[in-house]
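Heads up, the thing below is written out as structure tokens.
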Amino acid sequence: VQLQASGGGLVQAGGSLRLSCAATGAIFSPVVMGWHRQVAGAQREFVAAITSAGRTNYADSVKGRFTISRDNTRKMMFLQMSSLKPDDTAIYYCSADYGHEKYWGQGTQVTVSS
């Protein structure tokens with residue numbers, strides 16, 4: 001299974017970005033897909049996750065600003081990010097959890113300027 005994240009970029013504070021993650025090489029759709037982020041020198045932190053049934057979970061820091069969604073047919077996941085803050089600057093990684101194994105994508109850089 002390979003995950004390809006895209007959609008990162010440079011945006012001003014208050015702006016929006018939409019990240020995408022495509023899972024290829026899998027027959028079944030992941031049980032849980034999620035986003036984490038990491039800044040240099042810090043641990044990777046949880047951002048949001050969504051189950052195959054559509055149940056979502058968000059970090060407190062992004063609640064009300066980020067929306068996670070997925071398309072099980074296309075094995076894709078999205079993260080709509082709004083009201084972005086400089087603190088959201090990080091490399092964003094997508095993940096796919098099949099229960100017996102978890103896969104990570106290569107990451108996409110999000111930079112929010114003040």
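If only residues of region 1-13 that are within 11 Å of the chain's Cα centre (by Cα) and in a loop (DSSP other than H, G, I, E, B) are counted, the one that is surrounded by the most Cβ atoms within 10 Å (Cβ to Cβ) is 8.
Mind counting the residues in region 34-52 that are of a type in the set (Ser, Thr, Tyr) and either closer than 18 Å to residue 107 by Cβ or touching a residue at least 40 places away in the same chain (Cβ under 8 Å) (or both)? Step through it out loud before you land on a result.
Residues of region 34-52 of a type in the set (Ser, Thr, Tyr): 51-52.
In the following step, the residues that additionally are either closer than 18 Å to residue 107 by Cβ or touching a residue at least 40 places away in the same chain (Cβ under 8 Å) (or both) were identified as none.
Here the count works out to 0.
Scanning region 79-102 for residues that are at pLDDT 95 or above, open to solvent by 20 Å² or more (accessible area, probe 1.4 Å) and assigned to a strand (DSSP E or B) yields a total of 3.
Would you point out the residue of region 14-33, among those that are open to solvent by 40 Å² or more (accessible area, probe 1.4 Å) and in a strand (DSSP E or B), that is farthest from residue 107 (Cα to Cα)? Residue satisfying both the conditions and the ranking: 32.
For region 53-69, indicate whether the set of residues that are in a strand (DSSP E or B), in contact (Cβ under 8 Å) with a residue 60 or more places away in the chain and either surrounded by fewer than 22 Cβ atoms within 10 Å (Cβ to Cβ) or in contact with a Pro (Cβ under 6 Å, 6 or more places away or on another chain) (or both) is non-empty.
no
Taking the residues in region 105-114 that are at pLDDT below 95 and out of contact with any helix residue (DSSP H, G or I) (no Cβ under 7 Å at 6 or more places or on another chain) as candidates, determine which candidate is surrounded by the fewest Cβ atoms within 10 Å (Cβ to Cβ). For region 105-114, the residue satisfying everything is 106. Scanning region 34-50 for residues that are out of contact with any Phe, Trp or Tyr (no Cβ under 7 Å at 6 or more places or on another chain), open to solvent by less than 40 Å² (accessible area, probe 1.4 Å) and not small (Gly, Ala, Ser) returns a single hit, 50.
The values are calculated or read from the model by the stated rules, or taken from the named source; none is laboratory data. If you're wondering where the values come from, they're calculated on a predicted model, not measured in any experiment. Glycine gets a Cβ as well: all are built from the backbone with ideal geometry, and neighbour counts include every protein chain shown. Calculation scope for accessible area: heavy atoms of the full protein, side chains included, ligands and nucleic acids excluded. Shrake-Rupley method; radii C 1.70, N 1.55, O 1.52, S 1.80 Å.
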